[in-house]
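The values are calculated or read from the model by the stated rules, or taken from the named source; none is laboratory data. Every value quoted in this text rests on a predicted model; they were computed, and no experiment measured them. Please note: Cβ atoms are built from the backbone with ideal geometry, for glycine as well, and neighbour counts cover all protein chains shown.
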C-alpha cells in the first residue's frame, strides 16, 4: 500500500468565517484516508475509510497562568479567559459549514467530533508572578476536561488525548530560574494518570521513569503520542510499538517539540549533568547533548539519530507539534537534506 500526503493550502485554506476568528488557535485538520491518499486541511481532522469517518480537533500550548497582552481589544487578559473563549467556539464546530470549494466535505456541515488532541504546555512555568502548576491544572480541568462538549455523530463525548510540554516538565523537575513552588508535578501526574494504563504509584510522579507515551490505531492510521521529542530514549519505546504495526500502515506522530529540537531541551552534557543557571540546559529529554557544551550549538547529532529512525520507518508520514509559535505547514528535510516529513505545527492560543 502506498501513502501520499498533500499540503492543505489549496482547498479550505481559510476556514475562519467572521464569527469564528478565535478558531485560529486550534487546528481543524481534514484528513481523507481512502486506500492511498491523506489530505490535511486547516482546523479539523477527518479520516475516511470506506463508510467510516473520524473527525478530530488539534490544539496546543494553552499556557494557563500567564496574561495575553491583547485579546479581542482588551489588554492584559488572563489565559483562562482566552482559553475559555476558544473552547466556547470550539464547542460550536459541529455546526460550522465548510467552504464550497471542492475540498473534502466541501459545502457540508462539519458534524460530530470524535477526538481532541492537546500536545502540552497546559501550564506556564511557575516563575515570579506566575501561578503554580496545580492552579493551572485546576483551570485546565474546568475549561477543557469539563468544558469541552463536542460529541461524535453517535452521541459519544469526544475523547481527549494529552501530552506534556516543556513548561509542564520544568515545573515537575525544576528549572535554572526560581520557581514557586520549586517543583510541582501536578500537571505531569494528572496527564500520566489519565493517559497511561497504570496510574503513578501512590499518586507520586517520577519523570525519569514515568514517561508519557502511548499509541492508538484510529481509522487505519497508527497514532503515536511521544513525550516531548523522539530522542534516543523515546525511540526505544517507539521501536517496540512500531514492531506491532504493519509497515503499510501510515503513522502520525504527535509530540511537543518541533523536529529541529531545541538544544536547551536536551540533557546537560557538562559536569554532573544537572540543571543549573550556568549551562542553562533544561533536561527535558533524557538524551545528553552531543554537539557541544553549550545551548548555542545546533542539535545536529540528535536530529541525525531521529532522521535515521525515520528512514527505517518510512510509514511515519506526518508530525504534529506545538512549542515554537508558528502555524506554517512545512517539510522537514533533516540535517542532511534527505527527508520529506510533513510537519504540522500548532501554537494553541497564539494571537
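Tabulated data
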| read-out | value |
| --- | --- |
| Residue within region 316-334 that is outside any strand (DSSP E or B), modelled with pLDDT of 95 or more and in contact with a helix residue (DSSP H, G or I) (Cβ under 6 Å, 6 or more places away or on another chain) present | yes |
| Residue selected from region 106-124 under the condition surrounded by fewer than 20 Cβ atoms within 10 Å (Cβ to Cβ) and touching a helix residue (DSSP H, G or I) at 6+ places or on another chain (Cβ under 7 Å), by the criterion nearest to residue 151 (Cα to Cα) | 112 |
| Filter result (over 24 Å from residue 158 (Cβ atoms) and surrounded by fewer than 22 Cβ atoms within 10 Å (Cβ to Cβ)) within region 242-258 | 242, 243, 244, 245, 246, 247, 248, 258 |
| Positions within region 243-264 being over 23 Å from residue 301 (Cα atoms) and in contact with a strand residue (DSSP E or B) (Cβ under 8 Å, 6 or more places away or on another chain), in sequence order | 245, 249, 250, 251, 252 |
| Failed item in (1) in contact with a helix residue (DSSP H, G or I) (Cβ under 9 Å, 6 or more places away or on another chain); (2) more than 27 Å from residue 250 (Cα to Cα); (3) at pLDDT 90 or above, with residue 95 passing the rest | (1) |
| Subset of region 68-81 that is at pLDDT below 95 and touching a helix residue (DSSP H, G or I) at 6+ places or on another chain (Cβ under 7 Å) - its residue that is farthest from residue 135 (Cα to Cα) | 71 |
| Test: residue 251 is within 14 Å of residue 166 (Cα to Cα) and within 16 Å of the chain's Cα centre (by Cα) | no |
| Residue match in region 36-43 (condition: at pLDDT below 95, on the phi > 0 side of the Ramachandran plot and outside any helix (DSSP H, G or I)) | yes |
| Filter result for residue 327 (in contact (Cβ under 8 Å) with a residue 24 or more places away in the chain, closer than 29 Å to residue 243 by Cα and touching a strand residue (DSSP E or B) at 6+ places or on another chain (Cβ under 7 Å)) | no |
| Near pairs, Cβ below 6 angstrom, 6+ apart or cross-chain, from region 58-85 (on the phi > 0 side of the Ramachandran plot and touching a residue at least 12 places away in the same chain (Cβ under 8 Å)) to any residue that is part of a strand (DSSP E or B) and surrounded by 17 or more Cβ atoms within 10 Å (Cβ to Cβ) | 65/123 |
